[in-house]
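What follows is calculated from the coordinates using simple rules that are stated; it is not laboratory data. Worth saying up front: this structure is predicted, and the values here are computed from it rather than measured. No Cβ is skipped: glycine too gets one built from the backbone with ideal geometry, and neighbour counts run over all protein chains shown.
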Amino acid sequence: MPQSPRDAARADILSRFLPSVDRDVSGLAAAHCEERRLTAPGGFPATTLCLGSHVAVTRLIWETFAPGWDDVVYVYDGTRGEQTRYLGAKLHLTVALAVSGDEPTPGVQAALEAARRALSELWRVWAGYQATTTDALSLAVTEFEDVR
């Protein structure tokens, strides 16, 4: 059965979300650990756990991500603030994991929840912005559906 125009627009937006917003912050996290001389349990430099951690940290954040459309509305002023908060939360999580030796400490759990909240907020704004700036994708949002 063919997709409805709304479902097609939503699928298009969703397919571009991860590649458009996620960035590798492991090098920045390693530099942060090195500058502050942070160590992991056992005394070895936390920097070594940061390097190459991008895929694992991204998977950890995104594994429970379930994009919803109920709170997505048209957005006219971009997503820079939300993307900055998401990447900052991802950086904080990467450092927390390195310092803990990749153990799920309370600090790591708090950083993970913060990163997941930032991701959800970024989704809401990013999806709305995509629908706002692209006519073909505007059907994805139902904000003004009752006045159509």
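What number of residues within the range 53-67 satisfy the criterion of being in contact (Cβ under 8 Å) with a residue 12 or more places away in the chain and either hydroxyl-bearing (Ser, Thr, Tyr) or loosely packed, with under 14 Cβ neighbours inside 10 Å (or both)?
4
Among the numbered criteria (1) in contact (Cβ under 8 Å) with a residue 60 or more places away in the chain; (2) touching a Gly at 6+ places or on another chain (Cβ under 6 Å), which one does VAL75 miss?
(1)
Would a scan of the range 74-90 turn up a residue that is outside any loop (DSSP other than H, G, I, E, B), closer than 21 Å to ALA30 by Cβ and touching a strand residue (DSSP E or B) at 6+ places or on another chain (Cβ under 8 Å)?
Checking the range 74-90: not a single residue is outside any loop (DSSP other than H, G, I, E, B), closer than 21 Å to ALA30 by Cβ and touching a strand residue (DSSP E or B) at 6+ places or on another chain (Cβ under 8 Å).
Report yes if ARG59 is outside any loop (DSSP other than H, G, I, E, B), closer than 22 Å to LEU112 by Cβ and not hydrophobic (A, V, I, L, M, F, W, C), otherwise no.
Details: outside any loop (DSSP other than H, G, I, E, B): yes; closer than 22 Å to LEU112 by Cβ: yes; not hydrophobic (A, V, I, L, M, F, W, C): yes.
Judged against the criteria, ARG59 is a match.
Residues of the range 1-17 being over 23 Å from the mean Cα position of the chain (by Cα) and within 18 Å of THR133 (Cα to Cα), which ones? So that I can check it myself, show each step before the final result.
Initial filter on the range 1-17 (over 23 Å from the mean Cα position of the chain (by Cα)): 1-6.
Passing the criteria: PRO5, ARG6.
Filter the range 62-113 down to the residues that are under 14 Å from the mean Cα position of the chain (by Cα), among the aliphatic types (A, V, I, L, M) and within 29 Å of THR132 (Cβ to Cβ) and list them by number.
ALA66, LEU87, ALA89, LEU91
Residues in the range 24-47 that are loosely packed, with under 14 Cβ neighbours inside 10 Å, touching a residue at least 40 places away in the same chain (Cβ under 8 Å) and not small (Gly, Ala, Ser): how many?
The qualifying residues number 1.
Quick one: count up the residues across the range 95-131 that are of a type in the set (D, E, K, R), closer than 18 Å to THR58 by Cβ and in contact (Cβ under 8 Å) with a residue 40 or more places away in the chain.
Number of matching residues: 2.
Sort through ALA46, ALA56 and tell me the only one that's in contact with a strand residue (DSSP E or B) (Cβ under 7 Å, 6 or more places away or on another chain) and over 18 Å from LEU122 (Cβ atoms). Lay out the reasoning, then the answer.
On the way: ALA56 fails: in contact with a strand residue (DSSP E or B) (Cβ under 7 Å, 6 or more places away or on another chain).
Every option except ALA46 fails the conditions.
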